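Participant: If you scroll down you'll find the structure; I have some questions about it.
The values are calculated or read from the model by the stated rules, or taken from the named source; none is laboratory data. None of these values were measured; they are calculated from a predicted model. Here the Cβ is made from the backbone with ideal geometry for all residues, glycine too, and neighbour counts use every protein chain on show. For the accessible areas, the whole protein counts, side chains as well, though only heavy atoms, and no ligand, DNA or RNA atoms are used. Shrake-Rupley method; radii C 1.70, N 1.55, O 1.52, S 1.80 Å.
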Amino acid sequence: MSNNLNKFLSHLDNSTAGVFTAALYFYQKGLDVRIGGLRKCTSHQNYMDFVDDGDLFVYNQGESNRIEVKNLSAQFTCAEDWCFKDFMVCAKKAYDNATPKPYAYMIFNKDRTHMAIVKGDTHKHWKVVSRTDRRYDNYTQDFYICDLEHIQFKSIR
C-alpha cells in the first residue's frame, strides 16, 4: 500500500469519533440517525468502489438529510476565534460527486466541544481554491471555501 493510502486510512479511523459525536448530538435531540458501516479500500486503484453515501443520515418527519462530519486539530468556539485565513468546507470533487448532496457539514474542534455548521444551501456562496494537503505527499486538489458569515458555530453541550 502507498504511504498516502496508509495515511488516508489512518485519518479515516480517526474520523470515527467525530461521526459518533455528531450522531449522539442528533440522537439527544430526539432524531433518528443512521451511520453506515466503515469500509476500507485496499489500493488506490479500487478506492472509488469504497466511496460512501455520507457519514451519517438524520431523519426528521420522513425526511432524510445527509451529514458530512470533519474533525479539526485546531480549537475554536466561534467565528471570532477561528484561526484559519478562510473556512474550508470540503474537497471540490467530493461535493461535486456526492449523491445525494450533503444537507450540512459539521466540523468539530479538536476537543469536540464546539462545531461549525455549513449548510449545503450556502453552496452558491462557496469559492474554489487549490491547496496542497500537507497531510499527504505531493497532493494538491481543489477545495470549496466559504465566508464565515455563512457558518453557524455551536456548542455541542
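Participant: Restricting attention to the range 70-118, which residues are at pLDDT below 95, over 20 Å from D142 (Cβ atoms) and under 10 Å from the mean Cα position of the chain (by Cα)?
Facilitator: Listed by number, the list holds a single entry, N71.
Participant: Over 15 Å from the mean Cα position of the chain (by Cα), closer than 29 Å to D32 by Cα and of a type in the set (S, T, Y): is that true of Y59 in this structure?
Facilitator: Criteria met by Y59.
Participant: For the condition within 16 Å of the chain's Cα centre (by Cα) and more than 22 Å from F20 (Cα to Cα), what is the one hit in D121, D147?
Facilitator: Result of the check over D121, D147: D121.
Participant: Okay, next question. Out of all the residues in the range 8-15, is one or more assigned to a loop (DSSP other than H, G, I, E, B) and either open to solvent by 40 Å² or more (accessible area, probe 1.4 Å) or modelled with pLDDT of 95 or more (or both)?
Facilitator: Scanning the range 8-15, I find no residue that is assigned to a loop (DSSP other than H, G, I, E, B) and either open to solvent by 40 Å² or more (accessible area, probe 1.4 Å) or modelled with pLDDT of 95 or more (or both), so the answer is no.
Participant: So, in the range 73-109, exactly how many residues are touching a Gly at 6+ places or on another chain (Cβ under 7 Å) and open to solvent by less than 40 Å² (accessible area, probe 1.4 Å)?
Facilitator: Qualifying residue count for the region: 3.
Participant: Is there any pair with a first residue in the range 89-102 that is in a helix (DSSP H, G or I) and a second that is surrounded by fewer than 17 Cβ atoms within 10 Å (Cβ to Cβ) and of a type outside the set (F, W, Y) whose Cβ atoms are under 8 Å apart and which are 6 or more apart or on different chains, and what are they?
Facilitator: Between residues of the range 89-102 that are in a helix (DSSP H, G or I) and residues that are surrounded by fewer than 17 Cβ atoms within 10 Å (Cβ to Cβ) and of a type outside the set (F, W, Y), the close pairs are K92/V128; K92/Q141; K92/D142; K93/Q141; K93/D142; Y95/K101; Y95/H123; N97/V51.
Participant: How many of the residues in the range 110-123 are exposed (fewer than 12 other Cβ atoms within 10 Å of the Cβ) and of a type in the set (A, V, I, L, M, F, W, C)?
Facilitator: Result for the range 110-123: 0.
Participant: If a residue has to be in a strand (DSSP E or B), modelled with pLDDT of 95 or more and open to solvent by less than 90 Å² (accessible area, probe 1.4 Å) to count, how many in the range 124-141 make the cut?
Facilitator: Counting residues in the range 124-141 that are in a strand (DSSP E or B), modelled with pLDDT of 95 or more and open to solvent by less than 90 Å² (accessible area, probe 1.4 Å) gives 2.
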